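A short write-up of the structure that comes next.
Readers should treat all values here as calculations from the given coordinates under stated rules, not as data from a laboratory. What you see is a predicted model, and the numbers here were worked out from it, not measured in a lab. Here Cβ is always computed from backbone atoms with ideal geometry, including for glycine, and neighbour counts include all displayed protein chains.
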Amino acid sequence: MIGWSVLRWIGGAVAAAGLLCLTPASPGAIVVDLNPTALKQAIEDGKKMSDEDLKTIPTRFGANLKEDLCGGGGEIRTKTVTLNRLGGAIARNPEQAEQDKAKIDEQIQKILDSKVLRIAFDFCGDTADFAEGSTATLEQGGKMIKGEMAKPDRAKKNEKGPAYRGKIVASFPYSSFDPNAATKITLYPPVGDAMTWEVDLSKIK
């Protein structure tokens, strides 16, 4: 199926120091309200992307996972990125996409209606439950916004370094922050030091 692995990721995306330069697919601030033209463009762009393009989130910050699985970082799951991935899934299995059209249409509407930006953090720890109890914040001009934390993904075992690696997603209402501003993103693990990244939201979509 097109369906369940991709639709689960999308459902999760919409349900849930030094300046780091992101690599945007195109310039501009995070798009909160997509019009029909922007919606169609995001899906069509995703259909043209290679598997590698779709795996490489253009809104990633922090360590390069190909070089360091435990360096810490994350991906900003904007509406545009989520639609790109959906477009890629549709292009790779158009017949199944047609069969799943009602589910896909439902997910698209959820993406458009979403009121929160989700950030998925990846990091490592010494126990299987290392991510439980983590918190995250955005800081803009002295204003601190605390994220709502989802349940962590099941941790995976590492071959070297800390014993486990995993992800946890934080949600931030779009109404609580400026999508055009330079932003300090901080993850506070329950054990160990906080991790902070400086990200300019005006450079991504």
Query - Computed over the chain, the ratio Rg/Rh where both radii use C-alpha atoms and Rh is Kirkwood - result: 0.96
Query raised in the report: Sorting Y174, Y164 on the 10 Å Cβ count, fewest up front, what's the list?
Result: Y174, Y164
Query raised in the report: Going down the table (K40/K151; K47/K203; K55/K101; K115/K205; K66/K103; K66/K156), which pairs top 25 Å between alpha carbons?
Result: K40/K151; K66/K103
Query - Estimated distance in nm for a label pair at R154 and D51, the labels positioned 7 Å out from Cα along Cα-to-Cβ - result: 2.3 nm
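Tell me the GluC sites (Glu not before Pro) within segment 26-98 that lie in a loop according to DSSP and have at most 11 other beta-carbon atoms within 10 Å. Mind showing how you got there, number by number?
Values: sites: E44, E52, E67, E75, E95, E98; in loops: E67.
Qualifying residues, ordered by number: E67.
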Query - Label point at T135 placed 7 Å out along Cα→Cβ; residues across segment 175-197 whose backbone nitrogen lies under 19 Å - result: 176-177, 184-197
**Report entry** Phi-based couplings in Hz for segment 95-112 (Karplus 6.51, -1.76, 1.60; Gly and Pro marked x)
**Finding:** 5, 5, 4, 5, 5, 8, 4, 5, 5, 5, 4, 5, 5, 4, 5, 5, 4, 5
Query - Reachable aspartates and glutamates from K184, criterion Cα separation under 12 angstrom, eight or more residues apart if same chain - result: E139, E198, D200
Query raised in the report: For the chain, what is the calculated [θ] at 222 nm in deg cm²/dmol (nearest 500), taking -39500 (n - 2.57) for each run of four or more DSSP H residues and dividing by its residue count?
Result: -9000 deg cm²/dmol
Report summary line: Computed ³J(HN,Hα) along segment 79-84: with the Karplus parameters 6.51/-1.76/1.60, θ = phi - 60°, integer Hz and x for glycine or proline, the list is 4, 5, 4, 4, 5, 4
Query raised in the report: Which of the trypsin sites (Lys or Arg not before Pro) found in segment 117-188 are in a DSSP loop and have at most 16 neighbouring Cβ atoms, other than their own, within 10 Å?
Result: R154, K160
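Can you tell me how much longer the chain between L112 and D193 gets when fully stretched, taken as 0.36 nm per residue apart minus their C-alpha distance, in nm with one decimal?
On the way: separation 81, 0.36 × 81 = 29.16 nm, distance 3.59 nm.
Between L112 and D193, full extension yields an extra 25.6 nm.
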